[in-house]
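The values are calculated or read from the model by the stated rules, or taken from the named source; none is laboratory data. In this text, all values refer to a predicted model and were calculated from it rather than measured experimentally. Quick reminder, even Gly has a Cβ in these numbers, built from the backbone with ideal geometry, and neighbours come from all protein chains shown. Each accessible area value is taken on the protein alone, full model and side chains, heavy atoms only, with ligands, DNA and RNA left out. Shrake-Rupley method; radii C 1.70, N 1.55, O 1.52, S 1.80 Å.
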Amino acid sequence: MKNTLRKTLFLLSLCLTAAHGAAQTGESEWQQVYEEMMDLNDDDDETGTDDCYDLLEQLADHPLNLNTASREQLERLPFLSRQQVMDIVEYRDRYHGFSSLGELRMIGSLSFQQVRLLPFFVVAAQAEQQEHFPKLTDIIRHSRHTLTATARLPFYERRGDRNGYLGYRYRHWVNYNIDYADHLRLGITASQDAGEPFMAGGNAWGYDLYNYYLQLRRLGRVEQLVAGKYKLSMGLGLVMGTSFQLGKLASLQSMGRKNQSVRPHTSRSEADYLQGAAATLRLSSALRLTAFASSRPVDATLTPGGQALTLTYAGYHRTPKEMEKKHNTQLTAAGGSLALRKGAFRAGINVVYTHLNRQLAPDRSVLYRRYYAHGDHFINASIDYAYTSHRLSASGETAIDRQGHLATLNSATLRLGSNLNLVALHRFYSYRYTSLYGHSFSDGSRVQNESGLYVGTVWRPLPHWQLQAYADYASHPWARYQVSRPSHTADMLLHATYDSRRLTVEAQYRARLRQKDNADKSALTADDSHRLRLTATLHGSRAWTSKTQIDVVSTRYKQTARGWLAGQRLTYSHGRLGLSMTAACFDTDAYQSRVYMYEPHVQGDFAMPSYYGEGLRLTMMGRADIGRHLRLTARLGYVDYFDRQTIGSGLQQIDHSHATDLDLQLRWRF
């Protein structure tokens, strides 16, 4: 412990000296601001993080014009609430447009993070005449093409690389897409994970994964058409929610709003996408119809009789056993949503039908799986509503499955003043309710077996100060994983921010109180965690940013475990050059007291690794723009554990206490 503390103090002193002497700090990239909005210190909240990051990358490539964007277009920004979108539109109408993005600070409902994040996704340009769908010749002449190639080169060998994996140890992927303004997006992504065979074995066609998509917007009455692989959300996600789910802190920022969307699946994930086509039609000025059809292969663990025990979406096909599962089951779905929007009101009807070509048969003798989805066809239907005014915003969805089991989610936001908002959200998910595509707000990972109340507030008591807090209590009437009887959970967070032009200081405390089985499963015992995070970000000139982070963790489950992390990140960005350096020391007693730290990554990747034990993590990333069209990015990562001689286990085990890897990316835009 003393040795680690000595190394930490030395490391931080070097970084702080460099930060003080290098130059004044400047504006960071949008990824760092996004990190501040997300509650990324617990893996339960990381669901869909890569997907949200991917959507924001797309929106950053095509910023919206604040002076011409419709309310529906602004609602594509997932971190804004409906009330905030209304405030932006009304400010624009009252003052005849935005002359600069600095005017966003005049909208009191926007948080500090939102004001800093918006300029990456919007512009304040002169109003232009509404465009119609372009001619084919214009698309051919003026489209923007982007070709991205990325590879990871590990300077170590896993056990599976020597004996066990079907392929080599290198990971690589290629993406090519064509964009024309906000009208057309066409692309394909080919991806290969480390250990998977390339142009051999079960991947005779080359890569292990291919994602492809075509998106058209504003095509007459067809507001949007997506073909290939895509994401879809209806209502609040109780029957269909394949798009990302924000964590509880980010939900507080967006006032619990669920993003309604049909969009391409451009990431390399094999989870929660549809394959086929979806379209949104404008039937009238107030009525919209969204219809979809999908048929896609999925991986499944099969019984000797050919039934599917579980559907798996990890997407790894590195071993003969994993390759046997590849695409052995067909999942077909169809349905739609009819939505009416009139002034401040919105209402919708949603229906989803799902069919499997083999029986889904989980092991229901295990208590917590007793009411998991089973069978070969499923029907889910729901109604949803929303109302938005200056002071009150309310939304909800109520759904039933084929057997009539119920799930309902309702939320309300009350504005008590320009600087104070209250949020309340209640959900009831029957332990018998099942939906293969349902993903929504919950304390667990399923829209099932939960009844809870979430209350939160965003308060700006002084010009540079902001307080955010929430409390979430949930009861679970049926057994859960590692919980053999009814239980309850509590989750509480307090986040304070001081934000000025040069300095942002944040303090966050989070407590999660859960219950799990004791050693002999005769009773429940406490599984509690307490996490404190302090960060200071220095903004100065237009080139440099410095961020210091300190985490302290204490957990209790069967035994007490503690941990801490101290990290420093320096970022330089000027013209065609950029450099980011991150260093962190950590010391934790066990995996349950693990710590997290965001790390900048190459475009298309998001990194929020967890660390436990005692060690040091270093990363360095640089980018260089070569001419007008070419960008080269390199990222070097190094981790060294002081308390072990190996890293990982099984086929993933590295027979050293340290590991180094290099990511290279070449991006060509023309």
Checklist entry - Tally time: how many residues in the range 375-391 are surrounded by 16 or more Cβ atoms within 10 Å (Cβ to Cβ) and part of a loop (DSSP other than H, G, I, E, B)? => result 0
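One line per residue, one yes/no per condition, for (1) of a type outside the set (Asp, Glu); (2) in a loop (DSSP other than H, G, I, E, B); (3) open to solvent by less than 50 Å² (accessible area, probe 1.4 Å):
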{"position": "602", "(1), (2), (3)": "yes, yes, yes"}
{"position": "605", "(1), (2), (3)": "no, yes, yes"}
{"position": "617", "(1), (2), (3)": "yes, no, yes"}
{"position": "620", "(1), (2), (3)": "yes, no, no"}
{"position": "623", "(1), (2), (3)": "yes, no, yes"}
{"position": "635", "(1), (2), (3)": "yes, no, yes"}
{"position": "656", "(1), (2), (3)": "yes, yes, no"}
{"position": "664", "(1), (2), (3)": "yes, no, no"}
Item to check | Sole exception among (1) in contact with a Phe, Trp or Tyr (Cβ under 9 Å, 6 or more places away or on another chain); (2) of a type outside the set (D, E, K, R); (3) open to solvent by 40 Å² or more (accessible area, probe 1.4 Å); (4) at pLDDT below 95 for residue 670, by number | outcome: (1)
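Does the range 518-527 contain any residue that is within 19 Å of residue 608 (Cβ to Cβ) and crowded, with 18+ Cβ neighbours inside 10 Å? Quick ask: steps written out before the conclusion?
Initial filter on the range 518-527 (within 19 Å of residue 608 (Cβ to Cβ)): none.
No.
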Item to check | Residues satisfying the stated conditions in the range 571-589, i.e. open to solvent by 20 Å² or more (accessible area, probe 1.4 Å) and assigned to a strand (DSSP E or B) | outcome: 572, 573, 574, 577, 579, 581
Checklist outcome for this item: Restricting the range 60-93 to residues that are open to solvent by 10 Å² or more (accessible area, probe 1.4 Å), in a helix (DSSP H, G or I) and out of contact with any helix residue (DSSP H, G or I) (no Cβ under 8 Å at 6 or more places or on another chain), the one modelled with the highest pLDDT turns out to be 92
Checklist outcome for this item: Those residues of the range 140-163 that are among the β-branched types (Val, Ile, Thr) and surrounded by fewer than 12 Cβ atoms within 10 Å (Cβ to Cβ) come to a total of 1
Checklist outcome for this item: Wholly inside the range 265-370, strands (runs of 3 or more DSSP E) that include 2 or more residues that are hydroxyl-bearing (Ser, Thr, Tyr) and within 25 Å of residue 214 (Cα to Cα) are 287-302, 329-342, 345-360
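Identify, from the list 182, 193, the residue that is under 22 Å from the mean Cα position of the chain (by Cα) and open to solvent by less than 50 Å² (accessible area, probe 1.4 Å).
Result: 193 is the single residue among 182, 193 that is under 22 Å from the mean Cα position of the chain (by Cα) and open to solvent by less than 50 Å² (accessible area, probe 1.4 Å).
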Checklist entry - Would the range 495-508 turn up any residue that is among the small types (Gly, Ala, Ser) and assigned to a strand (DSSP E or B)? => result yes
Checklist entry - So which residues in the range 302-324 are touching a residue at least 12 places away in the same chain (Cβ under 8 Å), open to solvent by 40 Å² or more (accessible area, probe 1.4 Å), over 26 Å from the mean Cα position of the chain (by Cα) and closer than 24 Å to residue 371 by Cα, if there are any at all? => result 302, 307, 309
